[in-house]
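Worksheet: the structure to be examined is printed underneath.
Every read-out reported here was derived from the displayed coordinates using simple, explicitly stated rules and does not represent laboratory data. Source: prediction; values computed, not measured. Cβ placement follows ideal geometry from the backbone for every residue including glycine, while neighbour counts extend to all protein chains displayed.
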Amino acid sequence: MITMQLLIGIGAICGVSTVLAVIMVIADATIANYGEVKVRINEDKELVVPGGKPLLGSLMEQKIFIPSACGGRGSCGLCKVKVTSGAGEYLATELPWISEEEKKENIHLSCQLKVKKDIGIRIPERLFNVKEYAAEVVSLKDLTYDIKQVTMKLLDPMEIVFKAGQYIQFQVPEYELSKESVYRAYSVASQPSVKDSVELEIRLVPNGICTTYVFEHLKEGERITINGPYGEFFLRDSENEIVFIAGGSGMAPIKSILYDMREKGSKRKARYFFGARAVRDLFLVEEMKELEKDLENFSFIPALSEPEEKDNWTGETGLITDVLDRHLENGDGTEAYLCGSPGMIDASIKTLTKNGIPEELIYYDKFA
């Protein structure tokens, strides 16, 4: 009897809390009127924006784009800005992404920080060079059962300048899975010398807003919007040996870097470890074999974690980190470039550092 009363009491409290939370959200969105507020950027630029909106979206409306891989959901931690005035307290949704050192510097997630009063921020000057592009889808190609190659011709502006390995943000229009347009981040697969188009490799995520749209709705000839480029994932200018590690659509930025290396006649030693589950998850294998011919010090090492009997696979098997561990002997004079899931990246970093590659020479964009 007591247990039943306790459960009823807990349920009632949870119900009331939920109702109050909903009321607060609705009130903040509809009743609160913050008017116009000023956003001062880097002490020398000032914007006037409607109050009450997240900083990320307010800046985007002014054509100032802050890197974000999750489209403003607070799940990637990329859209950080330094707040010089008017920040307020941290939200609980920010704290998992903000280190103690960043707290001292007043670093906030711009997607979670609502602009309710005048605010001052600092952002890297390079972000003012990020542009929005109108584009047309000219090709849709299935690379595997769950990875699609999307090629877009740029219409306005007609050219993009980026470094091999960087990413753009793809705007998904409003449709049944999203009541508003959202952005998602995807690495560019084409090389920088191709300035009039952008190629992406998009992997289907069940119920993913962008990937579902791309696989079920996007058509050749459709006009879409992208912005970019973003990211610090690009090949450093050094003489170090290179270790590339990727899985799935993580192929995209590595492909861009490798094609760029071929165009520039690179002589650097490079090994590319690509992890897949079975043969049906492998793609662009022939292109990688061609690169082995064209880049004299390059080798491609695909590995299957769960090869099927029908695959007749004779190559490397096991998790990509196990394969990597077998091949690495000494990390001296080596740097690494990783692209894949956060879990794969974390596991790969452990293997690389265990084999002597300093963490400061390990580069990645960790997309959640």
Checklist line | In the range 228-308, the GluC sites (Glu not before Pro) that fall in loop regions by DSSP, at most 15 other Cβ within 10 Å | finding: E232, E239, E296, E308
Next item on the list: Read phi for every residue in the range 197-205 and hand back ³J(HN,Hα) as whole Hz from Karplus 6.51 cos²θ - 1.76 cosθ + 1.60, θ = phi - 60°, with x for Gly and Pro.
Entry: 8, 9, 10, 10, 10, 10, 9, 5, 10
Note to self: Just want to confirm a number: the relative contact order over the chain, from Cα pairs under 8 angstrom separated by 6+ residues, in percent.
What the structure shows: 13
Notebook entry, point to check: For the chain, what proportion of DSSP beta bridges, expressed in % and rounded to the nearest 5, is antiparallel?
Noted result: 60
Checklist line | Amide H within-cut-off set for A189, under 5 Å, with H built and near neighbours excluded | finding: E199, L200, E201
Check: Tell me, M152, M288 in order of fewest to most beta-carbon neighbours within 10 Å?
Finding: M288, M152
Margin query: Please list, by residue number, every one of the trypsin sites (Lys or Arg not before Pro) in the range 175-261 that is coil in DSSP and has at most 12 other beta-carbon atoms within 10 Å.
Written below: K179, K219, R236
Check: Karplus couplings for the range 52-57 from phi (6.51 cos²θ - 1.76 cosθ + 1.60, θ = phi - 60°), rounded to Hz, Gly and Pro as x?
Finding: x, 9, x, 4, 4, x
Check: Sequence-distant or interchain residues sharing an amide H contact under 5 Å with L218, placed H: which?
Finding: none
Next item on the list: Mind checking the full-extension length gain between R280 and E359? Use 0.36 nm per residue of separation minus the Cα-Cα distance, one decimal, nm.
Entry: 25.1 nm
Margin query: Quick query: amide H of A336 versus all other amide H atoms, modeled in the peptide plane; which residues come in under 5 Å with a sequence gap of 5 or more or a different chain?
Written below: V243, I362, Y363
Note to self: Against the 2.2 N^0.38 Å scaling, with N counting residues, where does the chain land? I'd like the Cα-based Rg ratio to two decimal places.
What the structure shows: 1.11
Notebook entry, point to check: So for C79, C70, C210, fewest C-beta neighbours within 10 Å to most, what's the order?
Noted result: C70, C210, C79
Note to self: Normalised by the empirical 2.2 N^0.38 Å for globular proteins, what value does the Cα Rg of the range 166-226 take?
What the structure shows: 1.14
Note to self: Taking loop as defined by DSSP and a crowding limit of 15 other beta carbons within 10 Å, which GluC sites (Glu not before Pro) in the range 94-131 fit?
What the structure shows: E105
Next item on the list: Go ahead and estimate [θ] at 222 nm for the chain from helices alone: -39,500 (n - 2.57) per DSSP H run with n ≥ 4, summed, over the residue count, rounded to 500.
Entry: -8000 deg cm²/dmol
Notebook entry, point to check: Which of the listed residues, L282, S348, V188, is farthest toward the dipole's positive end in the chain, when Lys, Arg count +1 and Asp, Glu count -1 at the beta-carbon?
Noted result: V188
Item checked: Extension reserve of the K350-E136 stretch, reckoned as 0.36 nm per residue once the Cα distance is removed -> 72.9 nm
Margin query: Strictly over 27 Å apart at the Cα level, which of K53/K195; K114/K179; K45/K116; K131/K219; K255/K350 would you flag in this model?
Written below: K53/K195
Next item on the list: Compute the FRET efficiency between L47 and T314 as 1/(1 + (r/R0)^6), taking r as their Cβ-Cβ distance and R0 = 56 Å, and round to the nearest 0.05.
Entry: 0.40
Margin query: Report the per residue volume, in Å³, of the convex hull enclosing the C-alpha atoms of the range 241-364.
Written below: 100
Note to self: Would you report the distance distribution of C-alpha pairs in the range 111-210 as whole percents per 5 angstrom bin, up to the bin with the largest distance?
What the structure shows: 2, 10, 16, 22, 19, 13, 10, 5, 2, 1
Notebook entry, point to check: Can you sort S181, S305 by how many other beta carbons sit within 10 Å, fewest first?
Noted result: S181, S305
Check: Along its principal axes, what span do the Cα atoms of the range 36-126 show, with the longest given first and each in whole Å?
Finding: 30, 27, 26
Next item on the list: List, in order, the whole-Hz ³J(HN,Hα) value for each residue of the range 142-154 obtained from phi through the Karplus relation with A = 6.51, B = -1.76, C = 1.60 and θ = phi - 60°; use x for Gly and Pro.
Entry: 7, 8, 9, 5, 10, 10, 10, 8, 10, 10, 10, 8, 7
